[in-house]
1. Just to be sure I understand, how many residues within the stretch A:403-433 are outside any strand (DSSP E or B) and under 31 Å from the mean Cα position of the chain (by Cα)?
2. Search the stretch A:9-42 for residues being aliphatic (A, V, I, L, M), within 13 Å of RNA strand B (Cβ to nearest atom) and within 24 Å of A:VAL349 (Cα to Cα), and hand back the single one that is surrounded by the fewest Cβ atoms within 10 Å (Cβ to Cβ).
3. Kindly indicate whether any position in the stretch A:217-225 is acidic (Asp, Glu), assigned by TED's automatic domain parsing to the domain that holds A:ARG323, surrounded by 15 or more Cβ atoms within 10 Å (Cβ to Cβ) and closer than 24 Å to A:GLU330 by Cα.
4. On the given criteria, is A:GLU60 over 30 Å from A:ASN366 (Cα atoms), within 19 Å of the chain's Cα centre (by Cα) and either among the acidic types (Asp, Glu) or surrounded by fewer than 18 Cβ atoms within 10 Å (Cβ to Cβ) (or both)?
5. From the list A:ALA173, A:ALA214, A:ALA180, which residue is under 18 Å from A:ALA279 (Cβ atoms) and either in contact with a helix residue (DSSP H, G or I) (Cβ under 6 Å, 6 or more places away or on another chain) or crowded, with 24+ Cβ neighbours inside 10 Å (or both)?
6. If I filter the stretch A:95-106 for residues that are of a type in the set (D, E, K, R), more than 13 Å from A:PHE163 (Cβ to Cβ), touching a residue at least 60 places away in the same chain (Cβ under 8 Å) and not assigned by TED's automatic domain parsing to the domain that holds A:MET314, do I get at least one hit?
7. Counting only residues that are assigned to a loop (DSSP other than H, G, I, E, B), more than 7 Å from RNA strand B (Cβ to nearest atom) and out of contact with any helix residue (DSSP H, G or I) (no Cβ under 7 Å at 6 or more places or on another chain), how many does the stretch A:114-155 have?
Amino acid sequence: MRLSRYFLPILKENPREAEIVSHRLMLRAGMIRQQGAGSFSWLPLGKRVLDKVCRIIREEQDRSGALEIMMPTIQSADLWRESGRYDAYGKEMLRIKDRHERDMLYGPTNEEMVTDIFRAYVKSYKDLPLNLYHIQWKFRDEVRPRFGVMRSREFLMKDAYSFDLDYEGAKEAYHRMFVAYLRTFTRMGLQAIPMRADTGPIGGDLSHEFIILAETGESQVYCHRDYLGFEVPGEDVDFGNAAEIAGIVGKWTTPYAATDEMHDEAAWSAIAGDDKVSARGIEVGHIFHFGEKYSKPMNASVTGPDGKEHFVSMGSYGIGPSRLIAAIIEASHDENGIVWPESISPFDVALINMKSGDTECDRVCNELEAALSAAGKDVLYDDTDQRPGAKFATADLIGLPWQLIVSPRGVAAGEVELKNRKTGERENLSIAAAIARLGGIA
RNA sequence: CGGAGUGUAGCGCAGCCUGGUAGCGCACCUGAUUUGGGAUCAGGGGGUCGCGUGUUCGAAUCACGCCACUCCGACCA
């Protein structure tokens with residue numbers, strides 16, 4: 001992609017309304033445009049990141065056995081009356097009427113609707129387990145939206161819903177999602193720590209929030225240092241092997257880890273001083289078992305091996321991709337701008353032509369763009385006639401992991417310069433070596 | 001929803017107290033010179049001063065009402 005043909009409305013100055021760093025950087029890098037309180041348009045650069053994040057989420061959901069569906073954003077109030085939540089849900093739910101004066105709502109979540117889908121078709125335990133997920137825009141009329149896309153009213157959400165015959169099956173489904181989440185966040189370059197979350201009236205121990213550590217985190221969190229060294233399961237993990245999956249979950253839930261609300265001073269003080277990690281954290285995922293909360297009132301049941309009807313045991317598993325992007329920026333930036341992990345960077349390489357219009361520079365840039373594109377890399381080629389300083393500032397701001405700098409001086413020597421955004425390291429390479437190096441980046 | 005604050009050009013701001021032709025920087029357009037860390041010079045375009053009502057000869061400026069946005073708190077992914 002040539003920058004001269006792209007839509008990248010970067011801002012030199014900080015917009016007044018943006019306080020936290022991710023909000024500021026997303027606005028300055030031209031990723032999003034605020035349309036109102038808690039309401040954002042995603043511009044091309046932001047949309048690319050969103051797509052990359054969703055792709056990883058999909059791959060890991062699919063790998064774990066979940067199946068993607070899509071459901072309407074506008075739902076009938078009748079469904080919500082069945083579960084009792086139409087009255088129970090507060091003003092966060094946007095309630096609307098259609099032309100026939102029927103009560104409708106813009107979905108803040110989809111347990112009722114997915115349960116309705118399930119009960120319409122699934123009648124036997126032989127069709128279980130089942131896990132259906134969707135990635136969709138949701139709306140919650142927050143009292144106080146804030147922090148940019150971190151806490152917006154309209155937001156993208158991945159929700160998976162699992163259905164099982166009984167608690168034991170539901171627990172295995174929960175474990176699979178747990179492991180899928182570990183893999184998902186790791187692939188995005190994040191260290192996410194599962195922390196026991198409040199299960200409320202449901203009870204039990206099957207509720208975890210996945211927290212990433214960031215200095216600007218929204219809440220105080222506490223965990224054992226062991227977590228920072230734990231290995232995340234690889235691609236070869238067998239989701240069909242319940243014992244293996246349960247073992248991984250066991251390992252990841254044994255050391256102490258808690259958010260402020262669940263913090264236990266007694267257990268905490270039992271940990272050796274050097275092993276205590278007390279930090280700020282941001283919640284990027286939440287998994288939750290809720291049993292028959294919806295299946296019972298909505299009559300979602302299957303016939304079991306015993307010939308009797310059983311209300312299915314359910315769980316739900318959320319990740320907010322839009323919020324996650326802000327969280328990643330909070331965890332990965334410096335004074336010059338965003339520092340993207342390679343797996344979700346909007347482009348792989350910033351190709352910077354230091355002197356657009358110079359025959360040799362143009363020729364080398366064209367060659368590099370073609371070769372890297374052929375190698376499957378997304379290249380953002382800065383072919384504008386701005387001055388070097390402005391180009392560097394832009395490249396640093398939008399945070400692509402690699403900057404490939406082509407200058408008259410370098411080209412005369414048959415070399416280009418490769419800069420690592422994260423470390424700032426620079427290296428002069430021959431053109432062929434640069435292609436080989438960047439083309440090989442996974 | 002309680003508390004605090006801000007609305008003036010695309011963005012960042014001054015002007016308001018003490019009413020009298022709407023300004024600055026960046027960005028944008030034209031031309032020239034520049035080219036390794038957000039260039040320089042010259043010229044130019046762009047504003048219902050958030051909205052409404054009132055006071056006044058006259059309102060960005062004063063009064064009242066409303067709206068929007070931000071921050072702190074309660075709440076939440």
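1. Here is the first cut: in the stretch A:403-433, the ones outside any strand (DSSP E or B) are A:407-414, A:421-425, A:431-433.
Now restrict to residues that are under 31 Å from the mean Cα position of the chain (by Cα): A:421-425.
Counting residues in the stretch A:403-433 that are outside any strand (DSSP E or B) and under 31 Å from the mean Cα position of the chain (by Cα) gives 5.
2. A:LEU11
3. Of the stretch A:217-225, the ones acidic (Asp, Glu) are A:218.
From what's left, assigned by TED's automatic domain parsing to the domain that holds A:ARG323: A:218.
Imposing the further condition that a residue be surrounded by 15 or more Cβ atoms within 10 Å (Cβ to Cβ) reduces the set to A:218.
From the residues that got through so far, the ones that are closer than 24 Å to A:GLU330 by Cα too are A:218.
Among the residues of the stretch A:217-225, at least one is acidic (Asp, Glu), assigned by TED's automatic domain parsing to the domain that holds A:ARG323, surrounded by 15 or more Cβ atoms within 10 Å (Cβ to Cβ) and closer than 24 Å to A:GLU330 by Cα, which makes the answer yes.
4. Details: over 30 Å from A:ASN366 (Cα atoms): yes; within 19 Å of the chain's Cα centre (by Cα): yes; either among the acidic types (Asp, Glu) or surrounded by fewer than 18 Cβ atoms within 10 Å (Cβ to Cβ) (or both): yes.
When the stated conditions are applied, A:GLU60 passes them.
5. The match here is A:ALA214.
6. Narrowing the stretch A:95-106 to residues of a type in the set (D, E, K, R): A:95, A:97-99, A:101-103.
Narrowing the set further to residues that are more than 13 Å from A:PHE163 (Cβ to Cβ) leaves A:95, A:97-99, A:101-103.
With touching a residue at least 60 places away in the same chain (Cβ under 8 Å) added as a condition, the list becomes none.
No; the residues of the stretch A:95-106 include none that is of a type in the set (D, E, K, R), more than 13 Å from A:PHE163 (Cβ to Cβ), touching a residue at least 60 places away in the same chain (Cβ under 8 Å) and not assigned by TED's automatic domain parsing to the domain that holds A:MET314.
7. Result for the stretch A:114-155: 3.
Listed here are the residues, each with its yes/no results for (1) more than 13 Å from RNA strand B (Cβ to nearest atom); (2) of a type outside the set (D, E, K, R).
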| site | (1), (2) |
| --- | --- |
| A:ASP260 | no, no |
| A:ALA272 | yes, yes |
| A:ASP275 | yes, no |
| A:LYS293 | yes, no |
| A:ASN299 | yes, yes |
| A:TYR317 | no, yes |
| A:GLY320 | no, yes |
| A:LEU324 | no, yes |
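The values are calculated or read from the model by the stated rules, or taken from the named source; none is laboratory data. All values reported here derive from a predicted model rather than from experimental measurement. Using ideal geometry, Cβ is built from the backbone for each residue, glycine included, and neighbour counts are taken over all protein chains shown.
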